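Everything on this sheet refers to the single structure shown next.
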Amino acid sequence: MTSLLDLAPVVPVVVIEDAADAVPLARALVAGGLPTIEVTLRTPAALDAIRAISDEVPDAVVGAGTVISADGVDAAVTAGARFLVSPGWTQTLLEAMQRSGVPFLPGVSTTSEVVALLERGVDEMKFFPAEAAGGTAYLRSLAGPLPQARFCPTGGISLASAPSYLALPNVGCVGGTWMLPADALAAKDWGRIEELAAGAAALRG
């Protein structure tokens, strides 16, 4: 199976307030070239949104973000999530994600967390919060001693800063929200979101 980090250069990090928006939003992102969609479990609509995208947008690879408990893992996979992303990890959460049968990106922000995951056989991770935790300079420093670790940095990344992340040898993709401006979401301007998604999809390191 293709690594989650290699499906697209950018993973849209989506907060959905109304499940009715899920399908048209996902279709716009896929049409723009961003098939990997992380729906965060931050709203009551999130699981219904994942279910709708899974059922109705076959070209989307929909996953769940902000997964912080074993119950969250189970609920997300049951709803149709094809991958899981956490902002951080504990042994309990990691074991639940490993049992889930779907790819997952546990969140890290320190070298010790990276080493601990490598020890457990996990070499693909989310680096979060990317900008606040040291950004490209930090990730570049990790590439020397820990070249086997690969990352999806997320948190504070913009269209302007994404290329510098994608140019790093240990970065497969980045997570971001810039292709989902609040005014476009509020207006249900799916055409604008598709255009912004196309701009993100064109990014290459």
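Relative to the current alpha-carbon distance between Asp123 and Leu7, full extension at 0.36 nm per residue lengthens the span by 40.1 nm.
Spin-label model, Ala133 to Asp59: label points 7 Å out along the Cα-to-beta-carbon direction sit 3.2 nm apart.
Here the stretch 21-171 is treated with +1 on each Lys and Arg Cβ and -1 on each Asp and Glu Cβ, and its dipole about the Cα centre works out to around 280 debye. Only helices enter this figure: runs of n ≥ 4 DSSP H residues, each worth -39500 (n - 2.57), summed and divided by the residues of the chain, yield -11000 deg cm²/dmol at 222 nm to the nearest 500.
What's the longest bit of the chain with no exposed trypsin sites (Lys or Arg not before Pro), using DSSP loop states and at most 15 other Cβ atoms within 10 Å as the test? Counting only loop sites that pass the neighbour cut-off, the longest clear stretch is 43-119. Of the two radii for the stretch 62-147, the radius of gyration is 0.99 times the Kirkwood radius, both from the alpha carbons; that is the Rg over Rh value.
In plain terms, the C-alpha convex hull of the stretch 1-107 casts an average shadow of 6.0 nm² when viewed from every direction. With the contact rule set at Cα under 8 Å and sequence spacing of 6 or more, what percent relative contact order holds for the stretch 82-169? Result for the stretch 82-169 is 26 percent. Which residues among the stretch 174-189 fall inside the zone where the amide N is under 18 Å from a point 7 Å beyond the Cα of Thr43, along Cα→Cβ? What the label zone holds, given the 18 Å backbone N cut-off, is 176-189. Taken one residue at a time, the phi angles of the stretch 114-122 give Karplus couplings (6.51, -1.76, 1.60, θ = phi - 60°) of 5, 4, 4, 6, 4, 4, 8, x, 9 Hz. Gly and Pro are set to x. Between Phe104 and Leu84, the built amide H atoms are under 5 Å apart, and every one of these is 5 or more places off in sequence or on another chain. Computed about the Cα centre, the dipole magnitude for the stretch 128-205 is approximately 280 debye when only Lys and Arg (+1) and Asp and Glu (-1) carry charge, each at its Cβ. What you get for the stretch 71-150, charging only the Cβ of Lys and Arg (+1) and of Asp and Glu (-1), is a dipole of about 200 debye around the Cα centre. Considering only Gly135, Leu47, Ala197, the residue lying farthest towards the positive end of the dipole of the chain is Gly135, judged by Cα position with unit charges set on Cβ. When DSSP beta bridges are restricted to pairs lying wholly in the chain, around 0% turn out antiparallel.
Once both labels are positioned 7 Å from their Cα atoms along Cα-to-Cβ, the gap between Glu113 and Thr90 label points is 1.4 nm. Near Val39, the amide H atoms lying under 5 Å from its own belong to Val14, Gly63, Ala64, Gly65; only residues 5 or more places off or on other chains count, and H is placed 1.01 Å from N.
Determine by what factor the alpha-carbon radius of gyration of the stretch 132-203 differs from 2.2 N^0.38 Å, reporting the quotient. Working shown, then result.
Working: Rg = 14.3 Å, N = 72, 2.2 N^0.38 = 11.2 Å.
Relative to the rule-of-thumb radius for its length, the stretch 132-203 sits at 1.28.
Extent of the chain along its three principal axes (Cα atoms, max minus min coordinate, largest first): 46, 37, 29 Å.
We did not get these values from a lab; they are worked out from the coordinates using the rules stated. Model, not experiment: these values are computed from the prediction. Because the Cβ atoms are built from the backbone with ideal geometry, glycine has one as well, and the counts that use them run over all protein chains shown.
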